[in-house]
1. Considering the chain, what Rg and Dmax in Å follow from its alpha-carbon atoms?
2. How big, on average over all directions, is the shadow cast by the Cα convex hull of the stretch 108-202, in nm²?
3. Sort 88, 166 by Cβ crowding within 10 Å, fewest neighbours at the top.
4. Apply the a/c threshold of 1.5 to the C-alpha gyration tensor of the stretch 326-451 and tell me whether it is rounded, prolate or oblate.
5. With the crude spin-label approximation of a point 7 Å out along Cα→Cβ, what separation in nm comes out for residue 371 versus residue 388?
6. Enter the Cα centre distance for the pair the stretch 502-562 and the stretch 1-80, rounded to the nearest angstrom.
7. For the stretch 282-380, rounded, prolate or oblate, judged on the Cα gyration tensor with a ≥ b ≥ c (square roots of eigenvalues), a/c < 1.5 rounded, else prolate if a/b > b/c?
8. Bin all alpha-carbon pair distances of the stretch 329-388 at 10 Å intervals from 0 and give each bin's fraction as a whole percent.
């Protein structure tokens, strides 16, 4: 899987992994933060979250233009890292809840989005350029799968890092996380709390601090302040990860330097030297055909990202309000990061053994499996009988499954390719849409009989009827399979089909389509309050319709991908 690739791939993948670790650390707790600190209701939260995600994925369109026409890829990427750092730094500063604090928060989000716009698409364009070399061209799909896996290694550690930081600072104040308290504290402060909610608030306050019920106003303010500070320090993790990312990108530039050239820069270099580089020439008709095909794919993936990025909004609310926070039995192993790392080591030991051709490699793989399995078992046996979990932790399962399933997917597609049966990239995208529909069918069925969010809002918003954590884990598993069929294949498809003069722009176009999908995330957030199975059903219908559409234009897409 890793053999035969240019070293630049691994430099770029590691640089991206550092940046994504910081981004997903912030994203894991962002909605929880703005609800706890500012008391934003679901509609405001949905709009802020979806607008931010939309900007993060839309601005690479302009980042691509900036790189293609003016600065080049490398300089634009460096600019992006600097701007992102400033944004995360502002977000990490504890503030009050006045107007200036909100302005500061929105300013930080703007800087993060602008920086990501300069960074994300152009780094992907560099990866694509590495595989324009005929020596590596056949490995393009696999390269983007490896690149995508590294993104998710960063994302895998992010929720645990965020949770560890804010829980640490909360515990230093003598407090523990309780999902109901922020909502009840805000209701108490603005005078909308019900008698039932007031009784619950008193009980929760006493459980945190003896005698706190005597002054609920002071307790509520203190709890929100300490929890919000913990979230702020969690955001600071992103600053550190960006420094590491910048170091990797600059220190090992020689490995991708040859790919850091735009079509415009290549033309200037050719004129200066009198040489002619081999650049694929397309007629205006061919260019138009490719751009149209890409735009059709962009239209489809809008609905995938609308569904997928519910992980930071409604799926996080579901984890907070409808999922059992006490885990017992074998399921505990999935909520301890060291144990999960050991499971990954064990899995790669098994996978490596099946792929190894030499005895030395088989022995090394066996040792890795034994170490991983023994380590996971040791962590499991040392766990308490009951462990308590916080809502953001579920976001680690998607990247965990990506890391586990990527080599399986790569191996499967390689086997099908050797038999001449591998689906085309557009066909894989269509399959991914149907698999995403299955994930939300699972959520819809599991949500039947649960009270609506509106029905439980008066008592802190947490249901008395709670589902097993396995429900969300199963959903993330199916969404991960859908993502593996769709996202890395989409990146590869854009890299392969984009006209040479518009590579940065088309990578930005892919991300802009993602942005539209992310903005549409708010639509489902606004529906939070109706019957849950109906809300998930909207996503099922949209995914099925999108998958059907892409199969209806499959011949046109496959024609330009050849």
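1. 24.2, 84
2. Projected over every direction and averaged, the Cα hull of the stretch 108-202 covers 10.1 nm².
3. Neighbour counts put them in this order, fewest first: 88, 166.
4. oblate
5. Computed distance between label sites residue 371 and residue 388 equals 3.6 nm.
6. 19 Å
7. Note, shape of the stretch 282-380 comes out oblate.
8. 26, 42, 21, 9, 1
Since every read-out is calculated from the coordinates, none of them should be taken as a lab result. All values derive from a computational prediction rather than experimental measurement. Please note: Cβ atoms are built from the backbone with ideal geometry, for glycine as well, and neighbour counts cover all protein chains shown.
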